[in-house]
Amino acid sequence: MANDTEELTSRMSEPCSVEIFRRGIPGDVKIWYWVAESRPTPDVPYPDPVDIIAWDQTYYVIVYVRLEDAVRRHLCGTLCVDIDVDTCGPAPDLQFEEEERELDPCGDGNYVIVFTLPPGTFLPKEGYPARCGRVYRLCVTVGSHDACGNPGLIWGHCDSVESAVHPRIRQ
């Protein structure tokens with residue numbers, strides 16, 4: 001795991017820490033995320049990140065969450081991950097369905113969540129100028145719910161990844 005984490009941190013977004021409320025609890029939550037042209041596989045668990053994408057292709061947002069320290073043994077319930085895309089320029093912001101993962105207090109504290117962005121996700125809406133492309137900031141929100149469905153101890157967001165989206169590639 002150490003080599004995988006080192007490789008991940010050298011190629012992906014800067015990790016951001018998400019707060020565990022009630023700071024008397026020792027522990028940390030780290031999040032790395034990036035946009036890739038392929039899904040993670042056992043052979044390629046960290047597909048290469050891309051930061052310039054076309055709006056007529058499928059892309060994947062890969063969110064890697066790591067609960068560090070012994071605190072992970074005391075957290076149960078669900079981890080909730082949401083991505084939103086904020087635009088720079090005249091275009092609507094985009095929202096996507098949340099993904100949930102069961103927290104496993106006996107596990108290693110590592111969770112991988114993959115969001116699929118189908119072709120046309122970034123296609124400008126009718127009436128918005130296409131121009132030469134647009135820059136989008138990808139925001140990831142991570143939260144949790146306890147075993148009863150109430151708000152849990154993990155809440156925060158990261159917004160350090162930007163992607164330039166260009167018109168479709170001409171053959």
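The values are calculated or read from the model by the stated rules, or taken from the named source; none is laboratory data. Since this is a predicted model, take the numbers as computed values, not measurements. Note that each Cβ is placed from the backbone with ideal geometry, even for glycine, and that neighbours are counted across all protein chains shown. Please note that ligands, DNA and RNA were not included when accessible areas were found on the heavy atoms of the full protein model with its side chains. Shrake-Rupley method; radii C 1.70, N 1.55, O 1.52, S 1.80 Å.
When the residues of region 115-129 are filtered to those that are assigned to a loop (DSSP other than H, G, I, E, B) and open to solvent by less than 40 Å² (accessible area, probe 1.4 Å), which remaining residue is modelled with the lowest pLDDT? Among them, the one singled out is Pro124.
Scanning for something in contact (Cβ under 8 Å) with a residue 60 or more places away in the chain and of a type in the set (D, E, K, R), does region 93-100 turn up at least one residue? There is no residue in region 93-100 that is in contact (Cβ under 8 Å) with a residue 60 or more places away in the chain and of a type in the set (D, E, K, R).
Among the residues of region 100-114, are any assigned to a strand (DSSP E or B), in contact with a helix residue (DSSP H, G or I) (Cβ under 9 Å, 6 or more places away or on another chain) and among the aliphatic types (A, V, I, L, M)? Checked region 100-114: at least one residue is assigned to a strand (DSSP E or B), in contact with a helix residue (DSSP H, G or I) (Cβ under 9 Å, 6 or more places away or on another chain) and among the aliphatic types (A, V, I, L, M). None of His166, His145 is open to solvent by 20 Å² or more (accessible area, probe 1.4 Å), under 30 Å from Ala54 (Cβ atoms), touching a strand residue (DSSP E or B) at 6+ places or on another chain (Cβ under 9 Å) and of a type outside the set (Gly, Ala, Ser) except His166. Residue count for region 59-87 satisfying the condition of being open to solvent by 50 Å² or more (accessible area, probe 1.4 Å) and under 20 Å from Glu97 (Cβ atoms): 1. For Gly89, the conditions (1) in contact with a Cys (Cβ under 6 Å, 6 or more places away or on another chain); (2) on the phi > 0 side of the Ramachandran plot are fulfilled apart from (1). Among the residues of region 49-87, those identified as touching a Gly at 6+ places or on another chain (Cβ under 6 Å) and not charged (D, E, K, R) are Leu67, Val71, Gly77, Cys80.
Of the listed requirements (1) assigned to a strand (DSSP E or B); (2) open to solvent by 20 Å² or more (accessible area, probe 1.4 Å), Gly152 misses just one: (2). In the condition set (1) open to solvent by less than 60 Å² (accessible area, probe 1.4 Å); (2) touching a Gly at 6+ places or on another chain (Cβ under 6 Å), Pro105 is compliant with all but (2).
Report, by residue number, each residue of region 89-99 that is open to solvent by less than 70 Å² (accessible area, probe 1.4 Å) and not in a loop (DSSP other than H, G, I, E, B). Selection gives Leu94, Glu99. Ile53 - would you say it is surrounded by 19 or more Cβ atoms within 10 Å (Cβ to Cβ) and at pLDDT below 90? Considered against the rule, which asks whether it is surrounded by 19 or more Cβ atoms within 10 Å (Cβ to Cβ) and at pLDDT below 90, Ile53 comes out as yes.
In region 65-87, the residues that are within 18 Å of Pro105 (Cβ to Cβ) and at pLDDT 85 or above reach residues that are open to solvent by less than 30 Å² (accessible area, probe 1.4 Å) and in a helix (DSSP H, G or I) with C-beta atoms within less than 9 angstrom, at least six apart or across chains, in these pairs: Arg66/Thr5.
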